[in-house]
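Following: one structure in structure tokens, then a few remarks.
The values are calculated or read from the model by the stated rules, or taken from the named source; none is laboratory data. Source: prediction; values computed, not measured. Cβ placement follows ideal geometry from the backbone for every residue including glycine, while neighbour counts extend to all protein chains displayed.
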Amino acid sequence: MVTDRIKKIAHYVILFLILGIMAFPLLWMFRVSLMPTGSLQSFVELWQGSYTLKNYSDLFTTSSMGRYLFNSSFVALIVTTGNVLFCFMVAYALARYRTIANKILFVTVIIVLMIPAHILIVPLYVLMLKAKMYDTYWALILPWLVNPIGIFLLKQYIENVPSTMEDAARVDGAGEYRIIMTIVMPLCKPALAVVAIQIFFTNWNLFLFPFILTSSESLRTLPVALAHFQGQQAIDWQHLMAGSAIAVIPVLIIFIILQKRIVSGITAGAIKQ
Amino acid sequence: MKYILTILFVLMAITSWAETTIELWQFWTDPAIKPTIQNIIDDFEKANPDIKVNLTDLTWANGHEKIVLAFSSGTGPDVVELGSDWIAQFGANGHLADISKYISEDSASFQGWGMANYKNKIYGFPWILGTRVIFGNKDLLKQTQFGEDYIPISFDDLKNSSYKIQKISDNIYGWGSNTAEKHRLYKKYLPFFWTYGAQIFSDDGKYCVLPSLPAVEAMTYYKFLHDSCGYVANQRGIEDAFLDGKIGYIISGDWLLKRIELENRDINFFTTLFPGRKFPGKSFMGGEFLSINDASDNKDEALKLIRFITSPENQIKFCKANRSANPSSINAQEDEYFKSNVHLQTFIKQINLSKNPPVIPDWVYIENIIERAVEDVLFNDALPGESLREARSKIDKLRK
Amino acid sequence: MRSNRLTTLVLLLPWIITFVVFWLFPLLFSLITGFTDYSLISRNPAEWIGLENYKELLTDQDFIISIKNTFIFVFGTVPITTVIALIMAVLVNQRFKGRGIFRAGYFLPSITSMVVISLIFTNLYSRGGYIAGLASMLGFTPPEHGFLYDSSTALFSIMAMDIWMSVGYYMLIFLSGLKSIPSELYEAARIQGAGNIRQFFLITLPLLKPVALFILVINTIKSFQVFVEIFVMTQGKFETASMVYFIYETGVTTAFRFGYASAAAYILFAIIGIFSLTQFILMRRRHPLW
């Protein structure tokens, strides 16, 4: 039993070591964001130096930090909602109705998954311009409403869900849409949660396209705003890290709330099989 | 009463009908200066009720790209702030209006027209200029034989005092040397290049004469500073270290004065003109210009706006808020604000002794090629002569 | 049956629209542009120049270096990320106190903005930064000017950061794979006297193969597109420029040669296509249900 104990301790040591490595950079960011302006040189300062919220309040009073926060949340929420609904619809059709046309469409999903999205910078720009959507929220939302990764994940998942319940409902005379929304969708909750969280964070952190497709300050999302800060000659690490922390905190909060859901969703999926 | 109201409505209708909107794109987004810009724009709108100004902010990171994309798709703004390096590129492609006809009355009272002059057409109105000077740390000099009040006059002075500062301790460096960093590194080499007497192009502009004896000498000199006493980092990193008192000399711009003031940094420093065989040496000059879109329907209003923004009073207002040292307006330069500050004076003196890179459309590419050559010498130990020759053949190929 | 077809169409419509408008059209647009000298800055109309762009690319030293860097990045990060993610998944899959905290902690970097991560590591990797301090504590000599300002360490530093950032995400996917392995299998193995390590190789690993391959595909595609970290941290200097960085730089910065950049983009497209197809074929062979 002693070996068991040693194993347990070793397990925890390894776990904490990894946790330290994973957490340190982010902790460092929070710590620096709370430091008064000035030199960042000494290692000791990290533990002993003083704390201040001034960097944060500076950002909110002298830049449009509130607006950036709103933009990021607004866009990410709409895109996530859209993806959960649309990806599920598409994935369901691809998983259940296996016609030739559907197979071809699934191939398009796979192809798009492999396309380096970054090659689309300029064609998308031109498209947005011609459609009069350049520098509007549409440019930040429309292209990302149906993410092939979401379709891919959900299709794999739905294929593993037995269709017996749907067949039974069909025999009972329930309509297709009702079956999809009230029977299949709840069964897919775990996968939907994975898709939702992935899409939300992907979109929240999206940088290059918002950077290119908008120009107004009022449409800047947080990553874009941070890149703008970085371009400024006179900003110091303390303020830069305060801005970074503001971009991380909402993700942190949402993650803490959603994390349980994801884990329980995964567990639920496992039990079913 | 009804009568008056009707007239009022009609008047309102007329004025709103006659209102012109000017799109203005500009780069000053820093919280310290943005309100001032807005302020100047508000004043302009108050003085010209028939003109509305639509302000859009650009950043150094992607501003150039956005301007190009907008111009190429015909949606460029009426007035755009352009860095001096970009004017020729946009002008040569027909995107900018030639304002040479309208500015005869302004030409004597503003500095910097040369940077907007491509093939005898003027594509931009000088606004805020910029140059770089040497910043030195007095406390570090005090610890050497040179003493606190030392000022390097010749290249040897700079080299020897940097070297002595480097020797003070392991954590102290003589010279702040830029790492490979786009648009920044070559601007540190060119002052030495010019001061040694080298040129990029022959006087008639036809041939690239980049590899020359003075160019190699300048590169060898710069490489010595870099290797023997350089603190190598990006511009921000160098400035951080300088403010922490770890570097003897750095090249920097007026933004560093602003940082020292805003962050309340406790540093005993001086600013001085570039050293040279014949003191003072030449520095690098650039500037922000306001250009008019050639496709704009409101060129007159645009020019009016530009004149307003660049008026001496507004330039002083701007410079005070941004701690900029080099207004383009000569009247503004005479202001007490600049006269009373010894550091600002260094900048104003230096800019008259500075050179700007050639005003040619290909400069943005050539700049890149020169930068690569400097990188190769500093970081890959390429031979100065060879890398400059290689750069010339690339430039020749590009211009063909 | 007819209504069924209509239903299918309605369900697929979001994808059909997105695909045609936001993928097919831009792709064709840039495919065509790849054969022209279309430059965004020029007012002259674009001219058809055939394969010139492709020919020039194959002799462009910058492009070839960017391919090399991208391959180093992909083949350096993807396998290591997968292995570490698997180990981490196994470590946090067991029952123990505080499991949730560890999972959350490991996962957190992967949902943090790449811009933010890059900013943080720019400082940590700098001269006198914490990573240099750690390196000298362990007896290594950190690069004199910092990890990012040295050609021999810059790319590897970015790769290490990338692995650090993404392992948590792939750990989570592995975790969902681990959860789907029926526990009866382990019980049966235990009854037959198989130890933990044998169980891992006999049951866990084979059953995780489809998940692992899925991770490989996704991560390979993502890694071939590496851009933001390079943009923020080194601007492609010190031999870190990736293919997407090359496309960005030639296409929408200094040079604005969109035709040229589009041709480069199509070469990248082809490379990713070849790799992903190979992986898919392997996947099918090993796991016919996929």
* Structure fact -> When every residue in the stretch A:18-45 that is under 18 Å from B:A241 (Cα atoms) and part of a helix (DSSP H, G or I) is compared, the one modelled with the highest pLDDT is A:V32
* Asked: Restricted to the stretch A:175-192, and to residues that are among the β-branched types (V, I, T) and within 12 Å of another protein chain (Cβ to nearest Cβ), which residue is nearest to C:I173 (Cα to Cα)?
  -> A:V184
* To do: Considering each residue of the stretch B:241-258, count those that are farther than 15 Å from B:V133 by Cβ and either surrounded by fewer than 22 Cβ atoms within 10 Å (Cβ to Cβ) or not assigned by TED's automatic domain parsing to the domain that holds B:T179 (or both), and give that number.
  => 3
* Which listed residue is under 16 Å from C:F19 (Cα atoms) and surrounded by fewer than 21 Cβ atoms within 10 Å (Cβ to Cβ), from A:L120, A:L113 -> A:L113
* Select, from A:A227, A:A193, the only residue that is aliphatic (A, V, I, L, M) and either farther than 30 Å from B:P77 by Cβ or touching a residue at least 24 places away in the same chain (Cβ under 8 Å) (or both). => A:A193
* **Whichever residue in the stretch A:129-139 is part of a helix (DSSP H, G or I) and either more than 7 Å from every other protein chain (Cβ to nearest Cβ) or crowded, with 21+ Cβ neighbours inside 10 Å (or both) and, among such residues, is farthest from the chain's Cα centre (by Cα)** => A:K130
* Can you tell me how many residues in the stretch A:194-219 are assigned to a loop (DSSP other than H, G, I, E, B) and in contact with a strand residue (DSSP E or B) (Cβ under 9 Å, 6 or more places away or on another chain)? -> 2
* To do: Please work out if C:E229 is at positive phi and either crowded, with 23+ Cβ neighbours inside 10 Å or in contact (Cβ under 8 Å) with a residue 24 or more places away in the chain (or both).
  => no
* For residues that are within 7 Å of chain C (Cβ to nearest Cβ) and touching a residue at least 12 places away in the same chain (Cβ under 8 Å), scanning just the stretch A:6-36, find the one that is surrounded by the fewest Cβ atoms within 10 Å (Cβ to Cβ). => A:W28
* Inspect the stretch B:141-161 for any residue being buried (at least 23 other Cβ atoms within 10 Å of the Cβ), among the small types (G, A, S) and within 21 Å of B:Q235 (Cα to Cα) and give the result as yes or no. => no
* To do: Filter the stretch C:58-100 down to residues that are more than 16 Å from C:A160 (Cβ to Cβ), in contact (Cβ under 8 Å) with a residue 12 or more places away in the chain and hydroxyl-bearing (S, T, Y), then give me how many there are.
  => 2
* **Meets criteria (in contact with a helix residue (DSSP H, G or I) (Cβ under 7 Å, 6 or more places away or on another chain) and in a helix (DSSP H, G or I)) for B:A382** => no
* Structure fact -> From the option list C:I203, C:I267, single residue qualifying as modelled with pLDDT of 85 or more, β-branched (V, I, T), farther than 26 Å from A:L19 by Cα and in a helix (DSSP H, G or I) is C:I267
* To do: State whether the residues of the stretch B:288-308 include one that is touching a helix residue (DSSP H, G or I) at 6+ places or on another chain (Cβ under 6 Å) and more than 26 Å from B:N93 (Cα to Cα).
  => yes
* Scan the stretch C:82-90 and give yes if some residue there is farther than 26 Å from A:I249 by Cα, within 11 Å of chain A (Cβ to nearest Cβ) and outside any helix (DSSP H, G or I), otherwise no. => no
* Matching option when the condition is at negative phi, surrounded by 20 or more Cβ atoms within 10 Å (Cβ to Cβ), at the interface with chain A (Cβ under 10 Å from one of its Cβ atoms) and not small (G, A, S), among C:F22, C:F63, C:F29 -> C:F22
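Would you check if C:S152 is in contact with a strand residue (DSSP E or B) (Cβ under 6 Å, 6 or more places away or on another chain), within 14 Å of chain B (Cβ to nearest Cβ) and at pLDDT 85 or above?
no
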* Asked: touching a Lys or Arg at 6+ places or on another chain (Cβ under 6 Å) and either within 8 Å of chain C (Cβ to nearest Cβ) or in a loop (DSSP other than H, G, I, E, B) (or both): does that describe A:L142?
  -> no
* Asked: Would it be correct to say that A:M128 is within 24 Å of A:P190 (Cα to Cα) and in contact with a helix residue (DSSP H, G or I) (Cβ under 6 Å, 6 or more places away or on another chain)?
  -> no
* Which of the following residues is crowded, with 22+ Cβ neighbours inside 10 Å and under 21 Å from B:V359 (Cα atoms): B:Y189, B:Y173, B:Y207? -> B:Y189
* Positions within the stretch B:69-93 being over 17 Å from the mean Cα position of the chain (by Cα) and either small (G, A, S) or surrounded by fewer than 23 Cβ atoms within 10 Å (Cβ to Cβ) (or both), in sequence order -> B:A70, B:S72, B:S73, B:G74, B:T75, B:G76, B:G91, B:A92, B:N93
* **Test result for C:S110, in a helix (DSSP H, G or I), touching a Ser or Thr at 6+ places or on another chain (Cβ under 7 Å) and modelled with pLDDT under 95** => yes
* Any chance you could count how many residues in the stretch B:49-82 are at pLDDT 85 or above, touching a strand residue (DSSP E or B) at 6+ places or on another chain (Cβ under 9 Å) and either assigned to a loop (DSSP other than H, G, I, E, B) or at the interface with another protein chain (Cβ under 7 Å from one of its Cβ atoms) (or both)? => 5
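Quick one: would you say C:F156 is of a type outside the set (G, A, S) and in a loop (DSSP other than H, G, I, E, B)?
Here the answer is no, as C:F156 does not meet what is asked.
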* To do: Take the residues in the stretch C:122-139 that are among the polar types (S, T, N, Q) and either in a helix (DSSP H, G or I) or surrounded by fewer than 21 Cβ atoms within 10 Å (Cβ to Cβ) (or both), then tell me which one is nearest to the other protein chains (Cβ to nearest Cβ).
  => C:N123
* Which residue out of A:V126, A:V107 is of a type in the set (A, V, I, L, M), within 8 Å of chain C (Cβ to nearest Cβ) and free of Cβ contacts under 8 Å to residues at least 24 places away in the same chain? -> A:V126
* Inter-residue pairs, beta-carbon under 8 Å, first surrounded by 13 or more Cβ atoms within 10 Å (Cβ to Cβ) and in the stretch C:191-204, second modelled with pLDDT under 80, 6+ apart -> C:L202/C:A194
